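The values are calculated or read from the model by the stated rules, or taken from the named source; none is laboratory data. Keep in mind it's a predicted model, so treat the numbers as computed, not measured. No Cβ is skipped: glycine too gets one built from the backbone with ideal geometry, and neighbour counts run over all protein chains shown. Note: accessible area is taken over every heavy atom of the protein model, side chains too, but ligands, DNA and RNA are not part of it. Shrake-Rupley method; radii C 1.70, N 1.55, O 1.52, S 1.80 Å.
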Amino acid sequence: MKLLLKSVTILDEKSSHHNKKLDIFIENGTIKRIGENLNENADREIKVSNLHVSRGWFDSSVSFGEPGFEDRETIANGLDTAGKSGFSSVGLNPYTNPVLDHSGSIAAVKAKAAHHPVSLYPIGALTRKSEGVDLAELLDMKEAGAVGFGDYKLPLRNPNLLKIALQYAQNFDALIQSYPQENRIAGKGMVNEHENSTSLGLKGIPNLAEELQITRDLYLLEYTGGKLHIPTISTEKSVRLIKDAKKKGLDVSCSVAIHNLILNDEELKAFDANSKVLPPLRTKKDSKALIKGLKDGIIDMVTSDHNPIDVEHKKVEFDNALYGTIGLETAFGALCTIFDTSEAIKYLTAGKERFNIVEYEIKESAQVDLSLFIPGSPFNFNEKDILSSSKNSIFLNKEIKGKAFGVITQKGIISF
């Protein structure tokens, strides 16, 4: 297929075309020419006012449901949603039924996504059935295409199991994830433990639950070596703990959910179950510390932590609602409410190196892997803007800024 992008602004700090408005001619998945006023014989021409392109965005924490929870989201529609939201690749969590805990299940989800323009990179379960008892078949899953291993939102209670995982994974350079929550401290808490939880009569999860688990895991990493990723941190002290670990030279990375950067536990006053997420929304002070940690490079990447939940498990009493929010559709627009466009793009592409996903510079003769987007004025995000099968967005009726337009990859194009 021959595709011509007309008058697009290129944002790629490592490219000689950075911040220039140029035409891009693409043929059979390769960038053939970049220049002004190109006149190529293309099968399709895209000319949209204020259209920008960058290297393809990657989301390290996405759940789709399939297999087992297809009523929440299928792989096909999930990848369509990711593409139209500007993501050319996603890391798929093992939040499925059955969980992705062996090479056959990894191969199956990869096969489902094989021909889609958006690339799917499975994250295998760290333990069998994500039960936290025995390690899963890590080496077999990596050979089948898994890019990391972790039990989604399920902390490892047994420290020796994490120790063994970190030691074993070094034999094949695998990335181990450990969700940061000590459940014996969290107890039956549902939201952040603070003034709002007390005034609203909701059981709280203290910051200590996260920080204690991170402290334990960093001690284990210092003892074993290996590569550790801590997904979706949420507290000010967690940032400091990881900063200190990196100063020691430990091979640790972490992410933050976009909603934890932007929103705080004031949202709880509406008793809207869409704001029931893990980790919980913390205080304004924590959010400010997370933003600073991201700017300082202590936090390595952002994630939408996209987690579709069907209406039967979300539009119920707050106590009974499942945790999670969709976030792919709002990721770019939400980030642009607190960062400029270049910063937002930097954070949306930052996770690829950690998960060993190849990046392609925007230059002639390079494989095409582009995210397309339109920076713009603020607008209210509402249900008609949702692309996911489930509608549980924490950003419903909130102001975001700018819109994704789609992606172009070697396998095709997804766009509005």
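Can you give the local net charge around Tyr168? Use residues other than it whose beta-carbon is closer than 15 angstrom to its beta-carbon, Lys and Arg +1, Asp and Glu -1.
Numbers: positive: Arg128, Lys142, Lys163, Lys227; negative: Asp134, Glu137, Asp140, Glu143, Asp173.
Counting the neighbours of Tyr168, the net charge comes to -1.
Size descriptors for region 255-331, from the alpha-carbon set: Rg then Dmax equal 13.0, 41 Å. For Ala270 and Asn39, the difference between the fully extended length at 0.36 nm per residue and the C-alpha to C-alpha distance is 77.7 nm. If I model region 23-66 as equal point scatterers sitting on the Cα atoms and use the Debye formula, what is log10 I(q)/I(0) at q = 0.19, 0.24, 0.32, 0.33 Å⁻¹? Results for region 23-66 at q = 0.19, 0.24, 0.32, 0.33 Å⁻¹ read -0.75, -0.99, -1.39, -1.41. Using every pair of separate Cα atoms, the Kirkwood estimate puts the hydrodynamic radius of region 358-416 at 13.7 angstrom. Using only the C-alpha atoms, the convex hull of region 302-387 corresponds to 153 Å³ per residue.
With the largest listed first and rounded to whole Å, the semi-axes of the equivalent ellipsoid of the chain from the Cα gyration tensor are 34, 24, 20. What is the calculated FRET efficiency for Leu139 to Lys20, with r their C-beta to C-beta distance and R₀ = 60 Å, to the nearest 0.05? So, using R0 = 60 Å, E works out to roughly 0.85. Kirkwood analysis of region 55-192, using all unique Cα-Cα pairs, places the hydrodynamic radius at 15.5 Å. When you filter the GluC sites (Glu not before Pro) in region 118-219 for DSSP loop state and at most 14 other Cβ atoms inside 10 Å of their Cβ, you are left with Glu131. Stokes-Einstein diffusion of region 1-124 at 25 °C, 0.890 mPa s viscosity, Kirkwood radius from Cα pairs, rounded to a whole number: 150 µm²/s.
Annotation: per residue accessible area for region 312-388 equals 43 Å², rounded to a whole number [probe 1.4 Å, protein chains only].
Taking 0.36 nm per residue of sequence separation and removing the Cα-Cα distance, the Glu13/Lys384 pair yields an extension gain of 130.1 nm. Label-to-label distance, Glu343 versus Lys129, with points set 7 angstrom from Cα along the beta-carbon direction: 4.7 nm.
What percent do you get for the relative contact order of the chain when only Cα pairs under 8 Å and 6+ apart count? Don't skip to the answer; put the middle values down first.
Values: 1020 pairs, mean separation 81.0, N = 416.
Answer for the chain is 19 percent.
FRET efficiency for the pair Glu399 and Thr30, taken as 1/(1 + (r/R0)^6) with r the Cβ-Cβ distance and R0 = 30 Å, rounds to 0.15.
Given a 1.4 angstrom probe, I'd like the percentage of the accessible area of the chain that is carbon and sulfur, rounded to a whole number. Please list the in-between numbers first.
Details: 7910 of 17020 Å².
About 46 percent, which is the carbon plus sulfur part of the accessible surface.
Between amide H atoms placed 1.01 Å from N, distances below 5 Å from Ile394 occur with Ile326, all of them 5 or more places distant or on a separate chain.
For region 308-367, what does the relative contact order come out to in percent, with C-alpha contacts under 8 Å and a separation of six or more?
On the way: 22 pairs, mean separation 10.6, N = 60.
RCO, region 308-367: 18 percent.
For the pair Arg184 and Glu222, label points projected 7 Å from Cα toward Cβ lie 2.1 nm apart.
Charges only on Cβ, +1 for Lys and Arg, -1 for Asp and Glu: so what's the dipole of the chain about the Cα centre, in debye to the nearest 20? Walk me through the numbers before you get to the answer.
Working: 51 positive and 55 negative charges, 136 e Å.
Roughly 660 debye for the chain.
If R0 is taken as 41 Å, the Cβ-Cβ distance between Ala114 and Thr198 corresponds to a FRET efficiency of 0.20. The modelled label-to-label distance between Tyr168 and Lys243, using points 7 Å beyond Cα along the C-beta direction, is 3.6 nm.
Loop-located GluC sites (Glu not before Pro) across region 267-336 with a Cβ neighbour count of 12 or fewer within 10 Å are Glu317, with loop assigned by DSSP.
Can you give the helix-only mean residue ellipticity at 222 nm for the chain, where every DSSP H stretch with n ≥ 4 adds -39500 (n - 2.57) and the sum goes over all residues, rounded to the nearest 500 deg cm²/dmol?
Details: 12 runs with 110 residues, N = 416.
Only helices count here, giving -7500 deg cm²/dmol.
Working note: Cα atoms of region 221-286, range along each principal axis, descending, whole Å: 44, 19, 16. First check a/c for region 169-313, with a ≥ b ≥ c the square roots of the eigenvalues of its C-alpha gyration tensor; if it is under 1.5, answer rounded, and if not, answer prolate when a/b is larger than b/c or oblate otherwise. It is prolate, given that a/c is not under 1.5 and a/b is the larger ratio.
Using a 1.4 angstrom probe, figure out how much accessible area region 111-249 has per residue, in square angstrom, rounded to the nearest whole.
On the way: 6220 Å² over 139 residues.
Value for region 111-249: 45 Å² per residue.
Applying the criteria of a DSSP loop state and at most 15 other Cβ atoms within 10 Å to the trypsin sites (Lys or Arg not before Pro) of region 351-386 yields Lys363.
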